[in-house]
Amino acid sequence: MSKADRRLARFIRALIANRRPPRAPAGDDFAAMQVATRLRAAHPGGSTPSPAFVDNLARQLREASDHEPGWTEAGIRRRRFLAGGLATVAASVAAGIGAERLREVLTEPASGAGTIQPYISTWVAVATLDDVKPGRIKQFSAGGLQGVVFTLDGEIRALSAVCTHQGCTLVPEPAQSKLFCPCHPMSFNLTGDANAGDYRLNPLPAIQTRVNAGSVEVLVPAWT
Amino acid sequence: MVGGPARPNDWESVYQEHVAPLYRYVYSRTGNTADAEDVTSTAFLRALPRLRSDVSAAEIRAYLRTTARSVLADVWRQRHGTVLMEFDDQRDATQPPEREQDVDVSPILEGLPANYRSVLEFRFLRGYSIRETAAAMGVSVANAKVLQLRALRRAAATGVRDVEG
């Protein structure tokens, strides 16, 4: 097989494994690559967006519409859902996402500290399952976020590890299940709540986690 | 609703109505989930803030597609150093929207020799491995590997001829 053959074969392999094709000059094969893409896209069951994706993009758009000045200058605006408007939702979003769910995703504002929902986000592996065994707290730095990941009540969770007072990086104390601020006598529980003390502080924002291929991943901004 | 009188749009309704169709459109040009999700996201994030509130559903659909195409072109340029050629855009434009979920590849397969068609069907439409494809076709693994490349290149050449003709 020639170099071009191997390149096209690699392109095909990636598509069939549902991976992004590798970076490589297309040479004379760009039309063949596009035909391969069309053919692969026609396989049964591939072309419906996943409910998780539809959800996540809705959140990103909501964030953008709330925070970017461009959105308020344009004619297009947010609107609270009216009951009647929902009939079309189920019909048009054939992704299996329920109308109720979509309404919730689109209209519930992120309240309080809440969960960090980066506008452009990516999953980054920051720990092994071993690192988050009960009784352990793993520190990480990813996508510009300083965080900690751990298991609480049988669930893997992550929190921002930046003190909501003056931005000092919190120090985990696994034995006490707490995060201590090195700048002031202040600590946070693993629920993210500040312990009562001399300061009244906002809770720590949560960071989304998932387990993928034996690693613990967190959802962080993709800009950095 | 398509082409109907403009009622004021809000982005949530626009999103609901267009996310699945746009994703399908993008997926048919990326063939993998990760790229399809990235391109769809970027297209919505770019296009929605620029949409006026009084445009029709058909205009929104066209604008989203145009935006998605330019994002796709960037992906191809960066990854493969080539310009994305839309050899069947004419057909797209005339296709009613409810048909766009059927990705019709019969024009690609039509007119190919039977063994070329078979290898493409096994590999791409059924997702067979090379080994499985070879077994199904009764040829050697090396043979199946070469056959899939020849079949793709022939199909590509035929597609380009169709547009020119």
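Of everything in region A:35-56, what is in a helix (DSSP H, G or I), free of Cβ contacts under 8 Å to residues at least 12 places away in the same chain and more than 7 Å from chain B (Cβ to nearest Cβ)? Give them in sequence order.
Within region A:35-56, A:ALA52 is the sole residue that qualifies.
Looking only at region A:20-41, which residues are farther than 16 Å from B:LEU72 by Cα and surrounded by 20 or more Cβ atoms within 10 Å (Cβ to Cβ)?
Within region A:20-41, A:ASP29, A:ALA32, A:LEU39, A:ARG40 meet the criteria.
Can you tell me which condition B:VAL105 does not meet? The list is (1) within 30 Å of B:ALA57 (Cα to Cα); (2) more than 8 Å from chain A (Cβ to nearest Cβ); (3) at pLDDT 80 or above, and all the others hold.
Evaluating B:VAL105 over (1) within 30 Å of B:ALA57 (Cα to Cα); (2) more than 8 Å from chain A (Cβ to nearest Cβ); (3) at pLDDT 80 or above leaves (2) as the failure.
Check B:LEU64 against each of (1) at pLDDT below 90; (2) within 22 Å of A:PRO49 (Cβ to Cβ); (3) more than 9 Å from chain A (Cβ to nearest Cβ) and name the one condition it does not meet.
All conditions pass for B:LEU64, except number (1).
Is it fair to say A:GLN139 is part of a strand (DSSP E or B) and either aromatic (Phe, Trp, Tyr) or surrounded by fewer than 20 Cβ atoms within 10 Å (Cβ to Cβ) (or both)?
Here the answer is yes, as A:GLN139 does meet what is asked.
Looking at A:GLN139, A:GLN146, A:GLN117, which one is at pLDDT 50 or above, among the polar types (S, T, N, Q), under 21 Å from the mean Cα position of the chain (by Cα) and closer than 22 Å to B:THR40 by Cα?
Unique residue meeting the criteria: A:GLN117.
The values are calculated or read from the model by the stated rules, or taken from the named source; none is laboratory data. Since we're looking at a predicted model, the values are computed, not measured. In this analysis, Cβ positions are derived from the backbone assuming ideal geometry, glycine residues included, and neighbour counts consider all displayed protein chains.
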